[in-house]
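These notes are about the structure you will find just below.
The values are calculated or read from the model by the stated rules, or taken from the named source; none is laboratory data. All figures in this text were calculated on a predicted structure; none of them were measured in a lab. For neighbour counting, all protein chains shown are included, and Cβ atoms are generated from backbone atoms with ideal geometry for every residue, glycine included.
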Amino acid sequence: MFKPHIAVARPLPDLLMQALGQLGNVGVIGTDEDALNNANILVCTAMDPMGAELIEQLPENLGLIANIGVGIDNIDLSAATDRGIAVSNTPVVTEDTADLTMALLLATCRRLNRSEQLLRDGDWAAGTAQLGVRAHGKTLGIIGFGAIGQAVARRARGFGMNICYHGPNPKTEAAAELNAHYYSSLGALLSETDFISLNCPLTESTRHLLNEKTLALLKSGAIVINTGRGQLINEAALVKALDSGNLGGAGLDVFEFEPRVTPDLLRFHNVTLLPHIGSATGECRTDMAMRAIANIKHFLEHDAPLDTCQGVQNTHFTEL
Ligand code: 8YV
């Protein structure tokens, strides 16, 4: 029976390596000298850039790049398509990422980290003096109303928030169900909402969606939450907005220069910083691993993965 060669871009958890081992001969790039030689399948994560140059050099027999993660901005999709290489992702991180988005929103507006830090330092009084801002009754502007954006909206409605969203097109059915109001203008959404949650993919049209110009449109005291991708925000401009006092705070799970965190961000007590843990529950990581395996199996049996990323509508976000 044909045993494919599977190259993995980095060492993966043991159970996943074992499951891959049952499907084919597995080699780790950078560790096993000939991991890429004759590889039929390449397994990677959001942390592994698969640019055009690298894709062009992939072996002739390589037919699938199986990404472990829903976002595929790490992969040059058109270079893969040009080479006839299929690309798959794992769209099973929706609920866990939405949970983390709400956790970041609440932690930031109620100053949880600062209060806890003061308590741990033995300063109970200073901890109790930390006044946050309330979430209920406020308006949340969600940028990107796909599966994750909608899951955030469902949760935020439970917290008594009003929901607005911006994206390339209105999503009338989901919006009616969630009582969410569509803004075709990003600028209008930014200037009228109290919290902003970034839940759109990173593409050429969303890179630095929040920059000096757009951050200046935010309501005074607004709070920005990012569980999408770090490069959606120009961090130098974010630091300026925080320094100006106009921005009320930020909750960030992802960073522009990940895994490096812009040092200036560490100065602010109204900023919550997490190391890209949107999908980091045991259950979600298991779901992701199983989905990647399912994609590989489907590719081996039917010459196409289950979650094919090619031909997906290109998300074009409107300009201001
Ligand atoms: C990462 C994510 O893939 O699904 C995504 O797009 O960003 C995350 O789930 C995960 O942290 C592993 O790199």
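Checking Thr108 against (1) closer than 21 Å to Ile277 by Cα; (2) within 16 Å of the ligand (Cβ to nearest atom); (3) buried (at least 20 other Cβ atoms within 10 Å of the Cβ), only one condition comes out false. Which one?
All conditions pass for Thr108, except number (2).
Those residues that are over 17 Å from Asn61 (Cβ atoms) and either buried (at least 20 other Cβ atoms within 10 Å of the Cβ) or among the β-branched types (Val, Ile, Thr) (or both), I need them from segment 290-304; list them, please.
Listed by number, the residues that qualify are Arg291, Ala292, Ile293, Asn295.
If Ile68 satisfies all but one of (1) closer than 21 Å to Arg291 by Cβ; (2) away from the ligand (no atom under 16 Å from the Cβ), what's the number of the condition it fails?
Here Ile68 meets the rest and fails (2).
Going through Asn89, Asn61, Asn74 one at a time, which residue ends up being polar (S, T, N, Q), within 16 Å of the ligand (Cβ to nearest atom) and surrounded by fewer than 20 Cβ atoms within 10 Å (Cβ to Cβ)?
Asn74
Would segment 267-281 turn up any residue that is more than 27 Å from Leu118 (Cβ to Cβ), of a type in the set (S, T, N, Q) and in contact (Cβ under 8 Å) with a residue 40 or more places away in the chain?
The answer is yes, given that some residue of segment 267-281 is more than 27 Å from Leu118 (Cβ to Cβ), of a type in the set (S, T, N, Q) and in contact (Cβ under 8 Å) with a residue 40 or more places away in the chain.
Inside segment 171-195, can you point out the residues that are within 17 Å of Thr206 (Cα to Cα) and surrounded by 17 or more Cβ atoms within 10 Å (Cβ to Cβ)?
We begin by selecting, within segment 171-195, every residue within 17 Å of Thr206 (Cα to Cα); these are 183-190.
If the condition is that a residue be within 17 Å of Thr206 (Cα to Cα) and surrounded by 17 or more Cβ atoms within 10 Å (Cβ to Cβ), then Tyr183, Leu186, Leu189, Leu190 are the ones that fit.
Consider Thr203 carefully, then state whether it is touching a residue at least 12 places away in the same chain (Cβ under 8 Å), in a loop (DSSP other than H, G, I, E, B) and among the polar types (S, T, N, Q).
Details: touching a residue at least 12 places away in the same chain (Cβ under 8 Å): yes; in a loop (DSSP other than H, G, I, E, B): yes; among the polar types (S, T, N, Q): yes.
When the stated conditions are applied, Thr203 passes them.
Has segment 147-157 got at least one residue that is in a loop (DSSP other than H, G, I, E, B) and either away from the ligand (no atom under 16 Å from the Cβ) or modelled with pLDDT of 95 or more (or both)?
Looking through segment 147-157, none of the residues is in a loop (DSSP other than H, G, I, E, B) and either away from the ligand (no atom under 16 Å from the Cβ) or modelled with pLDDT of 95 or more (or both).
Return yes or no: is Glu212 within 23 Å of Thr97 (Cβ to Cβ) and surrounded by fewer than 16 Cβ atoms within 10 Å (Cβ to Cβ)?
Against the criterion (within 23 Å of Thr97 (Cβ to Cβ) and surrounded by fewer than 16 Cβ atoms within 10 Å (Cβ to Cβ)), Glu212 does not qualify.
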